[in-house]
Amino acid sequence: MDSRDKESIDGLVKNLVDAWNQRDVQAISKCFTKEAKFTSALGQVAQGPKEIGEMLVTFITPTFEEVFLPATKTKIQHKEFHKVAVEFTWETIKQTSWDHNKKFLLKKGLINLAIEKEHDDWRIAFGKNVDYAAKQAQTY
């Protein structure tokens, strides 16, 4: 993997996180391949860029109203010439639980991505979000 590929992959992760924080379905969708699948922290699976973007924004809006998802500790593992595995941890503050019964002071999780290169362009083919809230969340 050359430095341009590394920069492109880092840029893709940044674009995904920025789009997620802005609740921008179109920008999220542009990060994924046409056949992509994404599994949410609740185990729901979306397929295809538009469905993935809509699912991610739907989960964010009611629970992350004033919360942003910073990507921290990004790791890239080169698998093959045109495929890499990427993972990054995330943290949120002042998040409401899915059922709106709790407010979390701090929540942490991990996103795993399989990223493929098609025609000099890197896109996400598979993603999974893991929420560590059950073990680590502090409520207020």
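For (1) modelled with pLDDT under 75; (2) in a helix (DSSP H, G or I); (3) surrounded by fewer than 16 Cβ atoms within 10 Å (Cβ to Cβ); (4) in contact with a helix residue (DSSP H, G or I) (Cβ under 7 Å, 6 or more places away or on another chain), each residue gets a yes or a no:
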site: 42; (1), (2), (3), (4): no, no, yes, no
site: 51; (1), (2), (3), (4): no, yes, no, no
site: 105; (1), (2), (3), (4): yes, no, yes, no
site: 113; (1), (2), (3), (4): no, no, no, no
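Residue 72: at pLDDT 85 or above, of a type in the set (Ser, Thr, Tyr) and not in a helix (DSSP H, G or I), yes or no?
Criteria not met by residue 72.
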Quick one: in the range 5-22, which of the residues that are within 12 Å of the chain's Cα centre (by Cα) and of a type in the set (D, E, K, R) is nearest to residue 124 (Cα to Cα)?
-> 14
With the first residue restricted to the range 1-18 and required to be within 21 Å of residue 128 (Cβ to Cβ), and the second required to be of a type in the set (Gly, Ala, Ser) and assigned to a helix (DSSP H, G or I), Cβ contacts under 8 Å at 6 or more apart or on different chains are 15/27; 18/27
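The values are calculated or read from the model by the stated rules, or taken from the named source; none is laboratory data. This structure is a prediction, so every number in the text was calculated from the model and none was measured. Glycine also receives a Cβ, built like all others from the backbone with ideal geometry; neighbour counts cover every protein chain displayed.
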